Amino acid sequence: MSEFTREKKNMRIEEAAEAVVEILKEQKKKPVYKRYLFGIFDKMVDNNRRKDGYLFVPTIENREIAKPDKKFIENNWAEIREYCAEHYKKYVVWDPNGIRIGTFKEYQTQQSAFQNIAKGISKKHNKRAELINERGGESEFIEVQRLQIATGE
């Protein structure tokens with residue numbers, strides 16, 4: 001990926017994250033389904049580009065950057081959620097009724113659920129790998145480890 005392409009993608013992710021945060025803030029802690037979010041996403045991006053009566057179009061090297069659309073947000077959803085958490089300190093959390101902005105504690109709780117899912121998937125993968133290897137095929141084993149980050153570093 002060229003430097004221009006990487007920079008363009010980063011700008012679109014930033015713009016998309018801003019729109020997602022604004023949409024979810026408007027819902028006031030009420031969870032929404034992604035299909036609803038994706039449906040009104042284009043409208044929010046258009047509103048964000050039209051501030052104070054002016055149309056703002058981001059550029060890199062005098063080249064206009066296309067606005068992030070529904071397909072872009074669907075394909076880059078994981079990166080957009082991470083951007084929200086890193087730069088806006090707004091944590092997009094899953095709820096049985098959809099997604100919403102949650103607290104850091106909820107975000108942290110969901111991380112342990114993801115860890116358990118990853119362990120289950122690796123266990124299933126390793127059982128299949130064992131069978132494949134026994135029958136003459138080649139498959140690698142994977143291991144999920146929980147790493148501790150030393151405090152103060």
Conditions (1) touching a Cys at 6+ places or on another chain (Cβ under 7 Å); (2) of a type in the set (D, E, K, R); (3) outside the structural domain of Val20 (by TED's automatic domain parsing): number failed by Arg135 = (1)
request  = Please tell me if Ile65 is among the β-branched types (Val, Ile, Thr) and closer than 16 Å to Ile23 by Cα.
outcome  = no
ask   = Looking at this structure, is Asp46 in contact (Cβ under 8 Å) with a residue 12 or more places away in the chain, exposed (fewer than 15 other Cβ atoms within 10 Å of the Cβ) and of a type in the set (Asp, Glu)?
value = yes
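A quick yes/no check of all residues on (1) among the small types (Gly, Ala, Ser); (2) in the same structural domain as Lys29 (by TED's automatic domain parsing); (3) within 26 Å of Glu14 (Cβ to Cβ):
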{"position": "Tyr88", "(1), (2), (3)": "no, yes, yes"}
{"position": "Ala118", "(1), (2), (3)": "yes, no, no"}
{"position": "His125", "(1), (2), (3)": "no, no, no"}
{"position": "Ala129", "(1), (2), (3)": "yes, no, no"}
{"position": "Glu140", "(1), (2), (3)": "no, no, no"}
{"position": "Arg146", "(1), (2), (3)": "no, no, no"}
ask   = In segment 93-106, which residues are at pLDDT 90 or above and aromatic (Phe, Trp, Tyr)?
value = Phe104
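The values are calculated or read from the model by the stated rules, or taken from the named source; none is laboratory data. Predicted, not measured: the structure shown is a model, and the values here were computed from it. Quick reminder, even Gly has a Cβ in these numbers, built from the backbone with ideal geometry, and neighbours come from all protein chains shown.
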